[in-house]
1. From the list R81, R63, which one is surrounded by fewer than 19 Cβ atoms within 10 Å (Cβ to Cβ), in contact with a helix residue (DSSP H, G or I) (Cβ under 8 Å, 6 or more places away or on another chain) and outside any strand (DSSP E or B)?
2. Tell me the residue from Y197, Y143 that is within 15 Å of ligand 1 (Cβ to nearest atom) and among the hydroxyl-bearing types (S, T, Y), please.
3. Could we say that G29 is away from ligand 1 (no atom under 16 Å from the Cβ), open to solvent by less than 10 Å² (accessible area, probe 1.4 Å), in contact (Cβ under 8 Å) with a residue 60 or more places away in the chain and within 16 Å of A112 (Cα to Cα) here?
4. For segment 126-133, does any single residue satisfy the condition of being more than 14 Å from T34 (Cα to Cα) and in contact with a strand residue (DSSP E or B) (Cβ under 9 Å, 6 or more places away or on another chain)?
5. Does Q16 qualify as being open to solvent by 10 Å² or more (accessible area, probe 1.4 Å), away from ligand 1 (no atom under 16 Å from the Cβ), farther than 16 Å from F70 by Cβ and touching a residue at least 24 places away in the same chain (Cβ under 8 Å)?
6. Take V226 and decide whether it is open to solvent by less than 30 Å² (accessible area, probe 1.4 Å), among the aliphatic types (A, V, I, L, M) and touching a His at 6+ places or on another chain (Cβ under 6 Å).
7. So R3 clears everything in (1) open to solvent by 70 Å² or more (accessible area, probe 1.4 Å); (2) more than 16 Å from I115 (Cβ to Cβ) except one condition, right? Which one?
8. Taking the stated definitions as given, is T118 among the hydroxyl-bearing types (S, T, Y), open to solvent by 40 Å² or more (accessible area, probe 1.4 Å) and closer than 30 Å to N62 by Cα?
Amino acid sequence: MARDGLLIDCNGVCVQRLTAAGLAFEDLGHVFLTHEHIDHIAALPNFIHQSWVKGCLYRADNRRTHPLHFYGNAPTIRAVRALLNAVKLPQHPHMFPFEFHELNDAGGTLTAGSITLTYFPVNHGPTPCFGLTTDGPNRRLVYSADTEPVQAIYDHLRDGDILIHDCNKIDVEINREHTTWAQIEALLPSLPNVTVYLVHLPMLGAAQNKKFEQDVTAKHGPRIVVGIDETSINL
Ligand SMILES: [Zn+2]
Ligand SMILES: [Zn+2]
């Protein structure tokens, strides 16, 4: 199952989160990267290294041989190749193969393992970045990635769907290249039956984050979720 799974962006303690979620990360076959920024690709070396330790080094009688596929725009693929080469991951003995798939900035559709997704350009200032959407049996998930509000994101949504949205500032009105809470709040009347998960929140400290969550819930109820690690969403 993990082999057919798709990881979207890779930062923080990715391996620990996947392990906590009960996923055999060492067999994961596909990684989609929305853009080249360090907070979206930085954990890839550790993710690959740990996959190699667990799936190749400690499994000498049954080594992983299936490739890890990377999907991203040209600058992202370039950055990932450089990152992996810099720490010599391709030279590790018995390393599984890497396959790089460069995506057109105009957007498109791809099937990665068991998941089909549509990716489309958003507006992250000068950095090309993809938002994406995928359909489950019951509803659609739309992920804004890092972006100012752009209509293409909201055009994908229907009643009952899930929107995971960049919310990089909660305390100022304008934040170019990202989206503020005020901008999301202004969009809500046009998305009446969509559940919105806020991600990419600033690191304000526990007390301030808690207060933000309380204020948001008091005002909007459960349709707005302040994203936390290891959240599970059934589509
Ligand atoms: Zn970014
Ligand atoms: Zn980011």
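The values are calculated or read from the model by the stated rules, or taken from the named source; none is laboratory data. Quick caveat, the model's predicted, so the values are computed rather than measured. Positions of Cβ are generated from backbone atoms using ideal geometry, with glycine treated the same way; all protein chains shown enter the neighbour counts. Note: accessible area is taken over every heavy atom of the protein model, side chains too, but ligands, DNA and RNA are not part of it. Shrake-Rupley method; radii C 1.70, N 1.55, O 1.52, S 1.80 Å.
1. Working: R81 fails: in contact with a helix residue (DSSP H, G or I) (Cβ under 8 Å, 6 or more places away or on another chain).
Just a single option satisfies the conditions, and that option is R63.
2. Among Y197, Y143, only Y143 is within 15 Å of ligand 1 (Cβ to nearest atom) and among the hydroxyl-bearing types (S, T, Y).
3. Against the criterion (away from ligand 1 (no atom under 16 Å from the Cβ), open to solvent by less than 10 Å² (accessible area, probe 1.4 Å), in contact (Cβ under 8 Å) with a residue 60 or more places away in the chain and within 16 Å of A112 (Cα to Cα)), G29 qualifies.
4. No: zero hits.
5. The answer is no for Q16.
6. Numbers: open to solvent by less than 30 Å² (accessible area, probe 1.4 Å): yes; among the aliphatic types (A, V, I, L, M): yes; touching a His at 6+ places or on another chain (Cβ under 6 Å): no.
No: the conditions fail for V226.
7. It fails just one condition, (2).
8. Working: among the hydroxyl-bearing types (S, T, Y): yes; open to solvent by 40 Å² or more (accessible area, probe 1.4 Å): yes; closer than 30 Å to N62 by Cα: no.
For T118, the condition - among the hydroxyl-bearing types (S, T, Y), open to solvent by 40 Å² or more (accessible area, probe 1.4 Å) and closer than 30 Å to N62 by Cα - is not met.
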